[in-house]
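Laboratory data are not the source of any read-out in this text; all were calculated from the coordinates shown. Every value quoted in this text rests on a predicted model; they were computed, and no experiment measured them. Methodologically, a virtual Cβ is constructed for each residue, glycine included, from the backbone with ideal geometry; neighbour enumeration extends over all protein chains shown.
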Amino acid sequence: MTRRVVVVGGGVAGLATALAVRDRARSAGRPIEVRLVEGAPRIGGNLRTLHEAGYTVEWGPNGFLDNVPATLGLVDRLGLRGQLQPADAAAARRYLWRGGRLHLLPSGALSFLTSSVLSLPARLRVLREPWTRPKPAGLDETVDAFAARHIGAEAARVLVGAMVSGVFAGDSRQLSLAAAFPKMAAMEAGHGSLVRAMLARGRERRAARRRLAELRARGEDAPELSRPGWSPRTG
């Protein structure tokens, strides 16, 4: 007898749950039909790709680094290896909308000092990062609190807030640093400062080759969503 499982919600959590249920049933040899129900007219939650006037606009996360085996394993499980491609080189030039206009994000120390994305006091505050005071022992900080302590409130809100929105489609004031960015927590624990940690690990970082990768078909266009045993229903 085929079991039927209904997953409510077609965001990232719902999609991941539906995939896990389907894969566990298959590995156990149990027939199953997974029905994913989403109240909105489209699945994906905060993940959305818009094509308009010749531009591709991403409303949320749209890529990942290709040096993590678990991520590539997930791509293979979904049968999407053929859809994988390196991100366009133009993606290296990133902009942030602030104060009614686009600001080119700095790519190095010199461009950061002359960048308009932060006020001058905020840029000077970032330079004090190597002298960051350690957090109280046992405190589980939010990403925003951690960033504000290291680089100042403005940089935390503008730069880190935008990064967290792009990576997690979430709020940096609510996400736990230890859960979302455990490597940053480890860097502070080992070196006290992110700058000192990056300098110490510079050789290792240069040796590790990694690229930003993306899928040609995303969101509703992903072919996995129409395969047997995976039945989304929207609206």
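Based on DSSP H runs of at least 4 residues, each adding -39500 (n - 2.57), what is the mean residue ellipticity at 222 nm of the chain after dividing by all its residues, to the nearest 500 deg cm²/dmol?
-9500 deg cm²/dmol
With 10 angstrom as the radius, rank VAL167, VAL68, VAL34 by how many other C-beta atoms surround their C-beta, starting from the fewest. Write down the numbers at each step before the final one.
Numbers: VAL167 17, VAL68 11, VAL34 21.
Neighbour counts put them in this order, fewest first: VAL68, VAL167, VAL34.
In 10 Å bins starting at zero, report the fraction of Cα pairs in region 66-111 per bin as a rounded %.
21, 30, 25, 23, 2
Report, by chain and number, residues whose modeled amide H sits under 5 Å from the one on LEU36, excluding near sequence neighbours (fewer than 5 apart, same chain).
VAL7, SER231, ARG233
With viscosity set to 0.890 mPa s at 25 °C, what whole-number translational diffusion coefficient in µm²/s follows for region 50-173 from Stokes-Einstein and a Kirkwood radius over Cα pairs?
143
Sequence gap at least 6, Cα distance under 8 Å: using those rules, report the relative contact order of region 1-159 to the nearest whole percent.
It comes to 12 percent, rounded to a whole number.
If you build the convex hull over the alpha carbons only and average its shadow over all orientations, what do you get for the chain? Give it in nm² to one decimal.
Averaging across all directions leaves 16.1 nm² for the Cα convex hull.
Among DSSP beta bridges whose residues both lie in the chain, state the antiparallel percentage, nearest 5. Can you show the working numbers first?
Details: 14 of 25 bridges.
Of the beta bridges lying entirely in the chain, close to 55 percent run antiparallel.
For region 25-66 and region 155-202, compute the distance between their C-alpha centroids and round to whole Å.
26
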